[in-house]
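One structure is given here, and the rest of the page talks about it.
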Amino acid sequence: MMGSSAPVRINSVHYHWHSLFQMDTTIVPGIGRRVNDESGKEVYRLIYWKPGFYQARSVNGATVNIEIRNGMYLFGAAGMPVTAMTERISSQYKWLPERGFDDEPYFKTTFFEEVTEPYALMVLSFPALRVY
């Protein structure tokens, strides 16, 4: 059910984050969506720059470019992605999570180098957090 905000919870064994976003917010270049930890402290901010281009900026200043190209999500420096979310899996002949989640496609995610758990959570939660 959609209300006046779009809450997203991001959980792992070690991290419990959340993000709220007002659905009536005007989407303009530079608009950001904050992701906070369980105490309310900002972990990182997802920033929309233009169609198909975002940045994730952590509170310590690290920045990851995110590009949407040909239905793929590419994370990292331009031309050198660290991570790619590529193949959309929606066929009944491929793996699907438990019933109730069959309205959205799923992505094959490839990490081209070893990454931290917070980075992996940022990548895996991007489709749910991005603004249109």
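Determine the gain in length on full extension of the stretch Val28-Glu42; use 0.36 nm per residue of separation and subtract their C-alpha separation, reporting nm with one decimal.
2.9 nm
Going by C-beta contacts inside 10 Å, put Met122, Met72 in order with the fewest on the left.
Fewest-to-most ranking of Met122, Met72: Met72, Met122.
Got a sec? Which residues in region 16-51 would a label at Val131 touch, if it sits 7 Å along Cα→Cβ and we count backbone N under 14 Å?
Under cut-off, by backbone N: 20-35, 45-51.
Sorting Leu20, Leu121 on the 10 Å Cβ count, fewest up front, what's the list?
Ascending Cβ contact count within 10 Å gives the list Leu20, Leu121.
Mind giving me the nanometre distance, one decimal, between the label points for Glu114 and Asn60, set 7 Å out from Cα along Cα→Cβ?
In this crude spin-label approximation the distance works out to 1.6 nm.
Nearest 0.05, what FRET efficiency do Arg69 and Ala6 give at R0 = 35 Å with Cβ-Cβ as r?
For R0 = 35 Å, the calculated efficiency reads 0.90.
Determine, for Ser125, Ser19, Ser39, Ser58, the number of other Cβ atoms within 10 Å of each Cβ, and report the residues in order from fewest to most.
Ascending Cβ contact count within 10 Å gives the list Ser39, Ser58, Ser125, Ser19.
Where a number appears in this text, it was derived from the coordinates with a stated rule and is not lab data. Note that this is a predicted model, so its numbers are computed, not measured. Heads up, the Cβs are rebuilt from the backbone with ideal geometry, glycines too, and the neighbour counts pull from every protein chain shown.
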